[in-house]
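Before any comments, here is the structure.
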Amino acid sequence: QVQLVESGGGLVQAGGSLRLSCAASGRTFSTYDMGWYRQAPGKEREFVAAIRRSDGRSYYADSVKERFTISGNNAKNTVHLQMNSLKPEDTAIYYCNAGGLVSGRHYPAIDSWGQGTQVTVSS
């Protein structure tokens, strides 16, 4: 099992940027395909982005393409989410997850959620 701690959230105006970080400990970080998810108030948790451990290929939800970038550092056991051109609808708690990618789809591990970090975008 891997333990995850997210950080970097905050309050930002629309059009601004934030960089989220996820620090992992426990089982070897590089064995997982890391993903970012978010959950807005009253909504279900949704996929945001994922990165494949084998070659660093990244995948994004349509709503964040061209604005968000996921990156990973296996040596430091960290994964980041650079968020640019933020919109009020990006407001949510953001979580990272150590799961797996199959045919371009990220499958989160049930027991691999951090506590999340709050992102609030004001209009």
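The values are calculated or read from the model by the stated rules, or taken from the named source; none is laboratory data. The model shown is predicted, which means the values in this text are computed figures rather than measured ones. Methodologically, a virtual Cβ is constructed for each residue, glycine included, from the backbone with ideal geometry; neighbour enumeration extends over all protein chains shown. These area figures cover heavy atoms from the full protein model, side chains too; ligands, DNA and RNA do not enter into them. Shrake-Rupley method; radii C 1.70, N 1.55, O 1.52, S 1.80 Å.
Of everything in region 102-123 that is open to solvent by 30 Å² or more (accessible area, probe 1.4 Å) and in a loop (DSSP other than H, G, I, E, B), the residue that is farthest from residue 35 (Cα to Cα) is 123. Return the only residue of 111, 62 being of a type in the set (Asp, Glu) and either under 13 Å from the mean Cα position of the chain (by Cα) or modelled with pLDDT under 90 (or both). Within the list 111, 62, the selection yields 111. Within the bounds of region 92-101, is there any residue that is open to solvent by 60 Å² or more (accessible area, probe 1.4 Å), within 17 Å of residue 8 (Cα to Cα) and more than 11 Å from the chain's Cα centre (by Cα)? The answer is no, given that none of the residues of region 92-101 is open to solvent by 60 Å² or more (accessible area, probe 1.4 Å), within 17 Å of residue 8 (Cα to Cα) and more than 11 Å from the chain's Cα centre (by Cα).
Selection of region 64-92 for residues being among the polar types (S, T, N, Q) and over 16 Å from residue 123 (Cα atoms) yields 69, 71, 73, 74, 77, 78, 82.
If only residues of region 2-40 that are in a strand (DSSP E or B) and polar (S, T, N, Q) are counted, the one that is surrounded by the most Cβ atoms within 10 Å (Cβ to Cβ) is 21.
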